Amino acid sequence: MADASRFPSLIVVDHPLIRHKLTLMRRTDTPTPLFRSLMKDIGSLLTLEASRTLPVNPVDIVTPICPAKGWAMTMPPLVVPILRAGMGMAEGVLAVMNEAEVGFVGVYRDEVTLEPVEYLVKLPPRLTERSVVMVDPMLATGHSSAHAVKVLVRAGVRPEAITFMCLVAAPEGVQALAEAFPQVRVVTAALDERLNERAYIVPGLGDAGDRLYGTV
Ligand code: URA
């Protein structure tokens, strides 16, 4: 595990339940159905931290007992999975934040250049006031993530309204994203050691999309 304290924008949600579930996900012998449900579970658990800055307004309500004060979201948040592995975490976000709307950004990493290639962008209109949780399980080089954040900013989202949520981050990826967008918060279940020569996270969990969809 690398030292998280050198990244001001990074929050590592260090919780025994998340550690346990992530360890199961890392294991080579974990089958696809279990991998998928664990990714959803951790997605839900991380949403608690990722949504910490969500704006809510005081409201007057009536309980069966008496009038009371409560809180209501000012606007539905937007969840944006980076396709395709982000879909597995988005399921977990929606399980605990069903008010959210969903946008999609499709970016893949060219195997030779390792550069991001954008192939799909589907976002709702009126994004300037939106809180966005962008999800991708693996923050590796940070190139695809920074590109996907750029897509959101281009569409009108304020960088400070974006939280990037992942399962496993590499220091290289956190650094690259912070250099491109210092205002974006990163919420992760773990900060791993490094990238290997093929830009996979070490120790990581392998190819998250392949393991999520059984295409290994
Ligand atoms: N993408 C993955 O799915 N795994 C890695 O380790 C790096 C990028």
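The values are calculated or read from the model by the stated rules, or taken from the named source; none is laboratory data. This structure is a prediction, so every number in the text was calculated from the model and none was measured. Positions of Cβ are backbone-derived with ideal geometry, glycine not excepted, and every protein chain shown enters the neighbour counts. Surface areas here come from the heavy atoms of the whole protein model, side chains and all, with no ligands, DNA or RNA. Shrake-Rupley method; radii C 1.70, N 1.55, O 1.52, S 1.80 Å.
Brief remarks follow.
- Test for A176: is it open to solvent by 10 Å² or more (accessible area, probe 1.4 Å), away from the ligand (no atom under 12 Å from the Cβ), of a type in the set (A, V, I, L, M, F, W, C) and touching a helix residue (DSSP H, G or I) at 6+ places or on another chain (Cβ under 9 Å): yes
- Answer from P125, P159 - the residue that is touching a residue at least 12 places away in the same chain (Cβ under 8 Å) and open to solvent by 20 Å² or more (accessible area, probe 1.4 Å): P159
- Selection status of S131, touching a residue at least 40 places away in the same chain (Cβ under 8 Å), over 16 Å from A85 (Cα atoms) and surrounded by 21 or more Cβ atoms within 10 Å (Cβ to Cβ): yes
- In segment 73-103, the residues that are open to solvent by less than 60 Å² (accessible area, probe 1.4 Å), more than 16 Å from the ligand (Cβ to nearest atom) and not in a loop (DSSP other than H, G, I, E, B): L78, V79, V80, G92, V93, L94, V102
- Selection within segment 35-72 - among the hydrophobic types (A, V, I, L, M, F, W, C), open to solvent by 70 Å² or more (accessible area, probe 1.4 Å) and under 22 Å from the mean Cα position of the chain (by Cα): L48
- Selection count where residues are more than 16 Å from R26 (Cα to Cα), within 12 Å of the ligand (Cβ to nearest atom) and open to solvent by less than 30 Å² (accessible area, probe 1.4 Å), scope segment 179-212: 1
- Evaluating V151 against the criteria (1) modelled with pLDDT of 95 or more; (2) farther than 28 Å from E197 by Cα leaves one unmet condition, (2).
- Near pairs, Cβ below 9 angstrom, 6+ apart or cross-chain, from segment 187-216 (over 22 Å from L46 (Cα atoms)) to any residue that is among the hydroxyl-bearing types (S, T, Y) and near the ligand (Cβ under 9 Å from one of its atoms): L195/T141; A199/T141
- Segment 1-21: number of residues that are at pLDDT 95 or above, surrounded by fewer than 18 Cβ atoms within 10 Å (Cβ to Cβ) and in a helix (DSSP H, G or I): 4
- Scanning segment 131-153 for residues that are over 13 Å from the mean Cα position of the chain (by Cα), away from the ligand (no atom under 13 Å from the Cβ) and among the β-branched types (V, I, T) yields V151, V153.
- Which numbered condition T30 misses (of (1) in contact with a Leu (Cβ under 6 Å, 6 or more places away or on another chain); (2) over 26 Å from Y213 (Cα atoms)): (2)
- In segment 134-156, of all residues being over 15 Å from R84 (Cα atoms), touching a Leu at 6+ places or on another chain (Cβ under 9 Å) and of a type outside the set (A, V, I, L, M), the one that is least open to solvent (accessible area, probe 1.4 Å) corresponds to G142.
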